[in-house]
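Data first, discussion second: the structure below is written as structure tokens.
The values are calculated or read from the model by the stated rules, or taken from the named source; none is laboratory data. In this text, all values refer to a predicted model and were calculated from it rather than measured experimentally. Positions of Cβ are generated from backbone atoms using ideal geometry, with glycine treated the same way; all protein chains shown enter the neighbour counts.
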Amino acid sequence: MVIIEQLVAKINSFLWDYTLIIFLCGTGLYLTIRLRFIQVKEFMYSITHAFTSASLKGEAADEHGMSSFQSLVTSIAGQVGTGNLAGTATALVSGGPGAIFWLWVSAFFGMATIFSEATLAQQFKRYKDGQIIGGPACYIKAAYKGKLGKILAALFSIFIILALGIMGNMVQSNSIDAAFANSIPVNETIIGIITASISGFIFLGGIKRIASITEKVVPIMGILYISGALIFLIFNINEVPHAFYMIFVSAFNPKAIIGGSLGIGIQQAMRFGVARGLFSNEAGMGSTPHAHAIAKVEHPCEQGAVAMMGVFATFIVITLTSLVILTSGLLQDNVYNLSSPSLISETYKGISLTQEAFKTRFGDIGVLFIAVCLLFFAFSTIIAWYFFGEQNIRYLFGNKMSKVYGVIVVIFIFIGSTLKVDLVWALADCFNGLMVIPNLLGILALSPLISKSTKDYNKFKKRKTENKLEK
């Protein structure tokens, strides 16, 4: 186990110290400029379209797919999970408050990236064995002709099956176990069995059951958590300005240019901020395009605009979580040194830190509240990530292996309840990082097509508006 931990640590160091930070932020910046700040121009439209198309009955859904709203909430189910509660806390512990700033940066540029992912997923989706197959594997294969395209697409599919279906869902079950261990004395084996059993039942229902559950659960869980966090911050309103001060000063400490340990602090803030940002909003990772590919829309970019709301939703939850922790008083001067952001107390980790923060104001009820919220968040994420992985199983092997994959995922969900949290997060970071590389290579190769589609989308919206005025 020690050897595995050391190997994973070395891979993560290579991926996340510089390589993926530059690749993710660079791609997001490039797409932002090429698409002329699409996340700003389409922001209001994406909100109005996402929620005016909200249908709990899914009338607009294709026979083999989902409505635009169902696709959005399914993608949000994958995005708003433990990465927003446990992951934000982990970023604070490992990278200091400055990591939250880099989470924000990741989210802003990530909106342009996820717009591109969803647009391409719509353009290159196809039918296989009577099912819609879509996602990065399809557009990566189209981006690079011949063997290279097939190899990159296959690698992406393998990475996402391992990253989300296996390791990612282990993270979710691990966090559920940790949350209830801090609030209710329940044996981890029992929690693992319950989590795995309910997950298996949902998987058996296929895409329609997944869509039906996510479109109801996701809005409820979002409103529940946001309301609780806002109430907490109202009680601690005087501490909010100082929390923002800590975030910005920790991210841009002038003394860091001297180098040494202070420089490492800034590096840690960037590393864990972007890493946790990817795990939270999944922009550039290539997961959410699987949900957006099967949406029924009039124009590919229409779903691209809707997809940006998933990143914005994670931005809201991440910001509230970080402010709750920073205003709770847990990270005082005796456990946190602002001049060296990486030196933060390791007393609390993962979901425990978020629970302890809520406990400072609401007592044991706050601990239980986070456990319940995390239960909703994690279960919805398990459902979404299973679906994302299954799409790639179908891409590689067809329908015949989907049931076998479901059984394997259920087994690893149970196993995840018993593993050490550090190793689970490290493995998730590793495979998430490996997913990013072929996905971004595909997006960059097809960026001229994305730009062309965006220009056509502007004409499409103009015609649509003119037709409404004529009526």
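Flag not set for Phe460, criterion: buried (at least 22 other Cβ atoms within 10 Å of the Cβ), in contact with a His (Cβ under 8 Å, 6 or more places away or on another chain) and in a helix (DSSP H, G or I).
Among Ile450, Ile411, which is more than 22 Å from the chain's Cα centre (by Cα), surrounded by fewer than 17 Cβ atoms within 10 Å (Cβ to Cβ), aliphatic (A, V, I, L, M) and in a helix (DSSP H, G or I)?
Within the list Ile450, Ile411, the selection yields Ile411.
When you check Lys216 against the structure, is it within 24 Å of the chain's Cα centre (by Cα), surrounded by fewer than 21 Cβ atoms within 10 Å (Cβ to Cβ), at pLDDT below 85 and of a type in the set (D, E, K, R), yes or no? Yes; evaluated as a whole, the condition is true for this residue.
If only residues of segment 141-166 that are basic (Lys, Arg) and in a helix (DSSP H, G or I) are counted, the one that is farthest from Leu449 (Cα to Cα) is Lys147.
Checking Glu356 against (1) acidic (Asp, Glu); (2) farther than 30 Å from Gln122 by Cα; (3) surrounded by fewer than 18 Cβ atoms within 10 Å (Cβ to Cβ), which test does it fail? Going through (1) acidic (Asp, Glu); (2) farther than 30 Å from Gln122 by Cα; (3) surrounded by fewer than 18 Cβ atoms within 10 Å (Cβ to Cβ) one by one, Glu356 breaks only (3).
The condition (being buried (at least 16 other Cβ atoms within 10 Å of the Cβ), among the aromatic types (Phe, Trp, Tyr) and at pLDDT below 80) is satisfied by just one residue among Phe101, Phe69: Phe69. Is it true that Ile207 is at pLDDT 80 or above, under 30 Å from Phe387 (Cα atoms) and assigned to a helix (DSSP H, G or I)? For Ile207, the condition - at pLDDT 80 or above, under 30 Å from Phe387 (Cα atoms) and assigned to a helix (DSSP H, G or I) - is not met. Looking at the structure I just gave you, is Val424 of a type in the set (Val, Ile, Thr) and exposed (fewer than 14 other Cβ atoms within 10 Å of the Cβ)? No, not satisfied. Among the residues making up segment 314-331, a single one is crowded, with 24+ Cβ neighbours inside 10 Å and of a type in the set (Gly, Ala, Ser): Ser322.
For segment 121-157, filtering for residues that are within 19 Å of the chain's Cα centre (by Cα) and at negative phi leaves 6.
Annotation note: Cβ proximity below 9 Å between a residue of segment 231-242 that is of a type outside the set (Asp, Glu) and a residue that is outside any helix (DSSP H, G or I) (sequence gap 6+ or interchain) occurs for Phe232/Ser328; Asn236/Ser328; Asn236/Gly329. When you check Gly406 against the structure, is it farther than 15 Å from Gln172 by Cβ, at pLDDT 90 or above and either small (Gly, Ala, Ser) or not in a helix (DSSP H, G or I) (or both), yes or no? No, not satisfied. A count restricted to segment 297-328 and to residues that are touching a helix residue (DSSP H, G or I) at 6+ places or on another chain (Cβ under 6 Å) and either not hydrophobic (A, V, I, L, M, F, W, C) or not in a helix (DSSP H, G or I) (or both) stands at 11. Summed over segment 185-201, residues that are surrounded by fewer than 20 Cβ atoms within 10 Å (Cβ to Cβ) and in a helix (DSSP H, G or I) total 9.
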